[in-house]
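Reading through the structure tokens given below for one structure.
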Amino acid sequence: MTAPIETADGSVFDLSSRAKVRITGGDRLRFVNGQITNDVRKASEANAIEACILGTKGKLNAHVFISTGPDCFFVDADGSLREGLPVRLDRYVIADDVQIESLDEKLSIFHVLAPTAPVVDGDSRVISVRRFVESGWDVWIDSRRHDFVLDELSARFRFVDEVAAEVFRIEQGIPRWGRELTEDIIPIEANLESRTVDYEKGCYIGQEVISRIKMSGQTNKRLCGVLPLNNAVLSAGMLLAAEDKNVGWITSATRSGSREIALGYAKRGFNSIGTKLDALPSENPDAVRVPIEIGPLPFSGNRSSFPSSPQVA
């Protein structure tokens, strides 16, 4: 038997492979706020914020979630940044009273999509956070209890494996590090402005670029939904073309129910909803082109009633 992911019943994701660090020290608030696009003062022990860490040119170094402890900040990012995230943060610790500690082997994270916070036996941190279109709950635990807590949560919520989670992510239009989010992307281009940028906070690295884009109201490209008009299979890396001009590329693709869907970047002037383009393999520009249309994100709309949500055991 299989069932779609639905908030009403609840689903659990294992995010334990994510990079995890703890930031302590008397200067931690000022230091973290100088590194991120959001205002860390909005984070608490009960609620996490989403933010970006940028380079001086406004491009991404990391996409993170941050919550607080009694005397620290907890930060998590994509697992591929396990080595890079602590190094990137430590680079800007000069005369600050700040300590950065990796927690990768010490803590595990589960994410539960459900209307109310899950109750977990034993010590845990349960935090409200929006990782998808709707808010859910992060459960942080000692990694030695990983299997026990996974069994406990899976008995009450449907477990979503990595394959189903990827389909769900694409349906939701959520950008992922290494796909839609790379060190060539500015957060606003990835539709992260409303989720990760606070224009009222103090200065941070890369702020000048973000402020300039806000003033101009324009970006060079934008993350979009991509729908093949003939339901042909799309794949990451395919180029988007307007006649003989390359105007974008596909970053992620999957099958959602009976539809082929994809995420991709399209340049300014070619990313309006309804724009017709062609998709073609980057390694073979003479291949048969797939006609596509730029669509709105998320694909799923209200996922609790969306019949093509990923199927899980």
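Some points to look at:
- Flag if Phe299 is in contact with a helix residue (DSSP H, G or I) (Cβ under 8 Å, 6 or more places away or on another chain) and not in a strand (DSSP E or B): yes
- Some residue of the stretch 136-153 being in a strand (DSSP E or B), in contact (Cβ under 8 Å) with a residue 60 or more places away in the chain, out of contact with any Asp or Glu (no Cβ under 6 Å at 6 or more places or on another chain) and open to solvent by less than 50 Å² (accessible area, probe 1.4 Å): yes
- Among residues of the stretch 40-53 that are surrounded by fewer than 22 Cβ atoms within 10 Å (Cβ to Cβ), those with a beta-carbon under 6 Å from a residue that is not in a strand (DSSP E or B) at least six positions away or on a different chain give the pairs Glu50/Arg195; Glu50/Thr196.
- In the stretch 210-245, the residues that are under 20 Å from Leu181 (Cα atoms), more than 21 Å from the chain's Cα centre (by Cα) and among the polar types (S, T, N, Q): Ser211, Gln218
- Of all residues in the stretch 197-220, those satisfying the criterion of being part of a loop (DSSP other than H, G, I, E, B) and farther than 14 Å from Asn33 by Cβ are Gly217, Gln218, Thr219, Asn220.
- The lone exception for Glu180 - which of (1) open to solvent by 20 Å² or more (accessible area, probe 1.4 Å); (2) of a type in the set (Asp, Glu); (3) under 13 Å from the mean Cα position of the chain (by Cα) it fails: (1)
One line per residue, one yes/no per condition, for (1) modelled with pLDDT under 95; (2) within 20 Å of the chain's Cα centre (by Cα); (3) within 26 Å of Glu208 (Cα to Cα):
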{"residue": "Glu45", "(1), (2), (3)": "no, no, no"}
{"residue": "Ala48", "(1), (2), (3)": "no, yes, yes"}
{"residue": "Gly58", "(1), (2), (3)": "no, yes, yes"}
{"residue": "Asp71", "(1), (2), (3)": "no, no, no"}
{"residue": "Asp78", "(1), (2), (3)": "no, yes, yes"}
{"residue": "Pro86", "(1), (2), (3)": "no, yes, yes"}
{"residue": "Ala95", "(1), (2), (3)": "yes, no, yes"}
{"residue": "Glu101", "(1), (2), (3)": "no, no, no"}
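- Cβ separations smaller than 9 Å between residues 6+ apart or across chains give the following pairs from the stretch 163-179 residues that are closer than 19 Å to Arg130 by Cβ to residues that are in a helix (DSSP H, G or I) and open to solvent by less than 10 Å² (accessible area, probe 1.4 Å): Phe168/Arg303; Glu171/Arg303; Gln172/Arg303; Ile174/Phe168; Pro175/Ala190; Arg176/Ile170.
- Complete set of residues in the stretch 191-202 that are closer than 14 Å to Glu50 by Cα and either open to solvent by less than 10 Å² (accessible area, probe 1.4 Å) or at pLDDT below 95 (or both): Leu192, Thr196
- Residue check for Val12: β-branched (Val, Ile, Thr), part of a helix (DSSP H, G or I) and more than 19 Å from Thr196 (Cα to Cα): no
- When residues of the stretch 239-263 are limited to those that are farther than 20 Å from Gly274 by Cβ and part of a loop (DSSP other than H, G, I, E, B), the one most open to solvent (accessible area, probe 1.4 Å): Asp244
- Residues in the stretch 20-37 that are assigned to a loop (DSSP other than H, G, I, E, B) and either modelled with pLDDT under 95 or surrounded by 23 or more Cβ atoms within 10 Å (Cβ to Cβ) (or both): Gln35, Thr37.
- Every residue from the stretch 75-94 that is in contact (Cβ under 8 Å) with a residue 12 or more places away in the chain and hydrophobic (A, V, I, L, M, F, W, C): Val75, Ala77, Leu81, Leu85, Leu89, Val93
- The single residue among Ile205, Ile174, Ile170, Ile188 that is open to solvent by less than 40 Å² (accessible area, probe 1.4 Å), in contact with a helix residue (DSSP H, G or I) (Cβ under 8 Å, 6 or more places away or on another chain) and modelled with pLDDT of 95 or more turns out to be Ile188.
- Test: residue in the stretch 186-199 that is of a type outside the set (Phe, Trp, Tyr) and over 16 Å from the mean Cα position of the chain (by Cα): yes
- Failed item, numbered, when Asp121 is tested on (1) open to solvent by 20 Å² or more (accessible area, probe 1.4 Å); (2) at pLDDT 95 or above; (3) more than 15 Å from Arg18 (Cβ to Cβ); (4) not β-branched (Val, Ile, Thr): (2)
The values are calculated or read from the model by the stated rules, or taken from the named source; none is laboratory data. The shown structure was predicted, so the numbers you read here are calculated from the model rather than taken from an experiment. Every residue, glycine as well, gets a Cβ built from its backbone with ideal geometry; the counts of neighbours run over all protein chains shown. Surface areas here come from the heavy atoms of the whole protein model, side chains and all, with no ligands, DNA or RNA. Shrake-Rupley method; radii C 1.70, N 1.55, O 1.52, S 1.80 Å.
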